[in-house]
Amino acid sequence: MRYLDHIICFLLALILAVPASAADKGGGKLNTSQIVVGHIKDSYDWHVTDIGKKHIVINLPVIVKSSTGWHVFSTAKFAEEADAKGYRKGPFNLAIASQGEHAGKIVELQGNKEVLPFDISITKTVAVLFIDSIILLLCILLPARWYRKHKASDPAPSGFTGLMEMLVSWVEDNIVKPGVGEGYEKYSPYLLTCFFFILTCNMMGIMPFPPGGGNLTGNITCTFFLALCTFIITQFSGSKHYWKDIFWPDVPLALKAFPLIPLIEFVGIFTKPFALMIRLFANMMAGHAIALSLTCIIFVVATMGIGVAVGMSTLSVLMSIFMMCLEFLVCFIQAMVFTMLSSIFIGLARAKE
């Protein structure tokens, strides 16, 4: 029962994290799409919740180079609400556009024109990346410290170090070694990093409050970079037999003269990492969207009468509990699938004649 209590507390935190002011000014209707999209997309400040009309946010540093030079300041200097033209104005003629072609980005206002400055600001996604990376380093370095102080003949570790040893052994013995095959040892660091980085980001992403709550693996830029790393390692690991099968496969000469099969094989080089990128991105983004949408049901039906409100709210909580349990499972499965497919792609590229 204690686990059910933890899940209920977790859901209450998620409900409190839903901004109460995400309503249309006209009729007071809850804008569910704004809540869901606002949680999934990147932003220059980290919205926590609303208390009445007050926005509780974590202000992040803005680092831009505009026509007047470099500027570093906090997002607190931008207006909380957009003006009639859709700009949250800040210093140095900079503003965050809330509509139009550059919606959600920092622009420099030059008369009636919008100019995109050189922008390397610490956005919510970047801040989450730093936090998750620090957590991952601690999860690896703390067990490593234990191993430096003990011999191989000592009893096996317990607690968190024992858990990490079990996970590392499981990933290496059941995913990396069978997928890559002979000589898997030099690929283990990368593949283990993929597994634990994705798992950490996924688990932190389903937390409804800082330092969690960031949808890092639901951001296609992050999954693109991970897939790109696998793509580069796979191609540089390719054997002569791998490249021969692509450009001169063992098929009838007519198919070689009309290079249909080589073309298909060449396209397959890019479709494999593309599938890695989309699978992780789509699954994690959809999970966040569904969980938030189910929570929003409570607020949508709040004005529909006590019977409807109680019935739908109960259903919403039950479905949210189910979805959060499923999300915990998906967090692990997606990390495992990405690592497994990466190891298989590398193993196929290293195949011998």
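General remarks:
- The alpha-carbon of K177 sits under 14 angstrom from the alpha-carbons of these aspartates and glutamates, leaving out residues fewer than 8 places away in its chain: E185.
- Highest-fluctuation residue, S153, S343, S169 considered, GNM on the chain with Cα pairs under 10 Å: S153
- Distance between the modelled labels on F118 and I232, one decimal in nanometres: 2.2 nm (7 Å Cα→Cβ projection).
- Choice from R148, R88, R279 showing the highest fluctuation, given a GNM over the chain with Cα pairs closer than 10 Å: R148
- For the chain, the longest principal axis of the alpha carbon atoms and the long axis of helix 2-17 meet at an angle near 60°.
- Amide H contacts for S74 (H built 1.01 Å from N in the peptide plane; partners 5 or more residues away or on another chain; cut-off under 5 Å): V62.
- Dipole check for the chain: with +1 at the C-beta of Lys and Arg, -1 at the C-beta of Asp and Glu, and the Cα centre as origin, the magnitude is about 360 Debye.
- Measuring with a 1.4 angstrom probe and ignoring ligands and nucleic acids, E327 comes out at about 10 Å² accessible.
- Under Karplus coefficients 6.51, -1.76 and 1.60, residue-wise ³J(HN,Hα) of segment 119-127 in Hz, glycine/proline x: 10, 10, 5, 7, 7, 4, 5, 5, 4
- Accessible area of segment 197-353 belonging to carbon and sulfur atoms, whole % at 1.4 Å probe: 81
- Peptides 199-208, 97-106, 170-179 ranked from most to least packed by the mean count of surrounding Cβ atoms within 10 Å: 199-208, 170-179, 97-106.
- Counting only aspartates and glutamates at least 8 places from K113 when in the same chain, those with an alpha carbon closer than 19 Å to its own are D83, E101.
- Ranked by how many other beta carbons lie within 10 Å on average, peptides 213-222, 186-195 from highest: 213-222, 186-195
- Correct option for semi-axes √(5λ) of the Cα gyration tensor in Å [calculated from the coordinates] among (i) 32, 28, 17; (ii) 41, 23, 18; (iii) 41, 29, 23: (iii)
- Candidate lysines - alpha carbon under 19 Å from K54, same-chain residues fewer than 8 apart omitted: K25, K29, K77, K89
- Rolling a 1.4 Å probe across the protein heavy atoms gives the chain an accessible surface of 56 Å² per residue.
The values are calculated or read from the model by the stated rules, or taken from the named source; none is laboratory data. Note that the structure is a prediction, hence the values are computed from the model and not measured. Ideal geometry is used to build each Cβ from the backbone, glycine not excepted, and the neighbour counts take in all protein chains shown. Accessible surface is based on the protein model in full, side chains and every heavy atom, while ligands, DNA and RNA are left aside. Shrake-Rupley method; radii C 1.70, N 1.55, O 1.52, S 1.80 Å.
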